[in-house]
1. Answer yes if at least one residue in the stretch 58-80 is modelled with pLDDT of 95 or more, β-branched (Val, Ile, Thr), outside any helix (DSSP H, G or I) and under 13 Å from the mean Cα position of the chain (by Cα), and no otherwise.
2. Given the options 90, 50, name the one that is of a type in the set (A, V, I, L, M, F, W, C), modelled with pLDDT of 90 or more, surrounded by 19 or more Cβ atoms within 10 Å (Cβ to Cβ) and farther than 29 Å from residue 3 by Cα.
3. Between a residue in the stretch 38-63 that is under 24 Å from residue 8 (Cα atoms) and in contact (Cβ under 8 Å) with a residue 24 or more places away in the chain and any residue that is part of a helix (DSSP H, G or I) and of a type in the set (Gly, Ala, Ser), which pairs come within a Cβ distance under 9 Å, given they are 6 or more apart or on different chains?
4. Which residue pairs have Cβ atoms closer than 6 Å, lie 6 or more positions apart in sequence or on different chains, and pair a first residue in the stretch 103-119 that is surrounded by fewer than 17 Cβ atoms within 10 Å (Cβ to Cβ) with a second residue that is at pLDDT 70 or above and part of a helix (DSSP H, G or I)?
5. Are any residues in the stretch 17-31 of a type outside the set (Gly, Ala, Ser) and part of a loop (DSSP other than H, G, I, E, B), and if so, which ones?
6. Restricting attention to the stretch 79-94, and to residues there that are free of Cβ contacts under 8 Å to residues at least 60 places away in the same chain and out of contact with any Ser or Thr (no Cβ under 6 Å at 6 or more places or on another chain), which single residue is farthest from residue 48 (Cα to Cα)?
Amino acid sequence: MKKPSFFPVIIGTGFGSGFSPFAPGTAGALLAVLIWFGISFIVSEICLIWLTVALVLFFTVMGVWATNRLEPFWGEDPSRVVVDEMVGVWIALLAAPSGMSGMRWGLLLSFVCLTYSNR
């Protein structure tokens, strides 16, 4: 049986987080939060907003492309494809309040809301 290409697998599975044996969607959402939180320490607030928009746009387009490439191998809507959870977290984080304390609450709330809405 032929394997899917490496690049669609990396994008679709959220850099491999979709291969988590326990709650792959939650693992993808957690990775998205960690990526965003890491970026928040090195850029200004306005730059963070624009980088978040760029992440949403880039991973939406690339996620659709990757999913179309992976469906013939893994079937329709495989649980390993978690790029949609990552994009969902970043969309929710666009509404996170500014400042570090507000940002922490925004991170927590967006992660919890997205995780429980996907059940």
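The values are calculated or read from the model by the stated rules, or taken from the named source; none is laboratory data. Since we're looking at a predicted model, the values are computed, not measured. Counting neighbours? That spans all protein chains shown, and the Cβs are built from the backbone with ideal geometry, glycine included.
1. Among the residues of the stretch 58-80, not one is modelled with pLDDT of 95 or more, β-branched (Val, Ile, Thr), outside any helix (DSSP H, G or I) and under 13 Å from the mean Cα position of the chain (by Cα), which makes the answer no.
2. Details: 50 fails: surrounded by 19 or more Cβ atoms within 10 Å (Cβ to Cβ).
Every option except 90 fails the conditions.
3. If the second residue must be part of a helix (DSSP H, G or I) and of a type in the set (Gly, Ala, Ser), the pairs left are 55/32; 59/32; 62/12; 63/12.
4. From the stretch 103-119, the pairs are 118/25.
5. 21, 22
6. Among those that are free of Cβ contacts under 8 Å to residues at least 60 places away in the same chain and out of contact with any Ser or Thr (no Cβ under 6 Å at 6 or more places or on another chain), it is 84.
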